[in-house]
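Working notes, beginning with the structure itself.
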Amino acid sequence: MIAWLPNPRLRLLLGAAVISFSPVFVALVSVPSTNSAFYRVFFGGTALLVWLLVRREFIWPRKAVMVWLILAAFGFAADLWFWHRSVLFIGPGLSTLLGNFQVFFMTLAGALFLGQKPAMRQLVAIPMALVGLAMIVGLDWQDLDADYRWGVIFGLLTALSYAAYMLFFREAQTRSVRGKAAALPTRELTIVSLGSALLLAASAAAEGTSLVIPTASDAAWLLGYGIIAHVFGWLLIASSLAEVPPAMVGLSLLLQPLLSFLWDVLIFDRQVLPLEMAGAAIALIAIYIGAKQPARAKAVG
């Protein structure tokens, strides 16, 4: 991947563009929400596992790392469970925008559990995001359709679950590379993906849902979802993070929900009012402010 696309900034932007199609895949298939979530991580995790086995790079992690990966699998399974339902209720654009509210839950978790005092810009970004959300969904909550309300709730629960996943995954990765050179966490993502697939399969069984894929077109969309969005998009982003300034990473966070909103309008004919567009812009700016990391001091000499 790095050989044919050596520019890390281009890899980052292309990766963000690729994963912006994730909700499009979800909306195009005719299977239940839990099923599409399952096949994303099942196909994606299987592809990653085959890749590692062929390269003879798969080694089981230590028990201390495995515990955090299991927790991360629970967080990621919950994230997908909520998000796939949100996509179907309120569309690819808004559901993805709400999922990116994870930056605010990460700020809260940092303050509560890691002793990280929020920066002033983060405290400003949170009410900005809420104002933007209110402009999109409207101020009279009770007038909204029940499915739409559930879609918004599921979108916010997506953000909460994704924040938990990232905290657990970060801890697993920190313990995994301790004392060693950092590398792409392909093994860790493989374990989390297949662990999430197992949890989502159990959820489908509890819901009384068959995992049988009904049509060839559904199979093609689901396979593309798992390979293109889950594996290819992730590898593009992960391979670029160490070589790209934090501000550029923050901008890439905006590209995914922005493009997802665009695909929602172009592919699914979503009607967007000027007030909703303004609200989405405010929310995107708030996400960027909330996710932006302080610039590192330049070394002297």
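Points to keep in mind about this one:
- Two-decimal Rg/Rh across segment 52-101, once Rg and the Kirkwood Rh are taken from alpha-carbon atoms: 1.21
- Average accessible surface area per residue within segment 1-114, 1.4 Å rolling probe, Å²: 44 Å²
- Rounded to the nearest 20, the size of the Cβ-charge dipole of the chain about its Cα centre is 1560 debye, with Lys and Arg at +1 and Asp and Glu at -1.
- Alpha-carbon Rg with Dmax, taken over the chain, Å: 19.1, 65
- Packing-based ranking of 159-170, 187-198 yields 187-198, 159-170, ordered from highest to lowest mean Cβ neighbour count within 10 Å.
- Spin-label pair Ala119-Glu243: with each label point 7 Å from Cα along the Cα-Cβ axis, the two points sit 2.5 nm from one another.
- Relative packing of 40-50, 85-95, which averages over residues the other C-beta atoms within 10 Å, highest first: 85-95, 40-50
- Between the alpha-carbon centres of segment 99-124 and segment 10-65 there is a gap of 27 Å.
- Counted by Cβ distance under 12 Å from Gly233, the other residues give a net charge of +2, where Lys and Arg count +1 and Asp and Glu count -1.
- Residues whose amide H falls under 5 Å from that of Gln116, counting only those 5 or more places apart or on a different chain, are Ala111, with hydrogens built in the peptide plane.
- Across segment 273-288, coupling constants 3J(HN,Hα) worked out from phi with the 6.51/-1.76/1.60 Karplus curve, θ = phi - 60°, read 7, x, 5, 5, 4, 5, x, 5, 5, 5, 5, 5, 5, 5, 4, 5 Hz, and Gly and Pro carry x.
- Charge-dipole axis of segment 1-93 as Lys and Arg at +1 and Asp and Glu at -1 on Cβ define it, positive-most pick from Ile70, Ser33, Pro8: Pro8
- Cβ-defined net charge surrounding Leu69, 12 Å radius [Lys, Arg +1; Asp, Glu -1]: +3
- Per residue, the accessible area of segment 124-244 comes to 48 Å², computed with a 1.4 Å probe over protein heavy atoms only.
- Carbon/sulfur fraction of accessible area - the chain, other protein chains in place, 1.4 Å, %: 70 percent
- Extension reserve of the Asp143-Arg55 stretch, reckoned as 0.36 nm per residue once the Cα distance is removed: 26.1 nm
The values are calculated or read from the model by the stated rules, or taken from the named source; none is laboratory data. Everything quoted here is computed from the prediction, not taken from an experiment. As a convention, Cβ positions derive from the backbone with ideal geometry for all residues, glycine included, and neighbour counts pool all protein chains shown. Heavy atoms of the whole protein, side chains included, go into the accessibility calculation; ligands, DNA and RNA do not. Shrake-Rupley method; radii C 1.70, N 1.55, O 1.52, S 1.80 Å.
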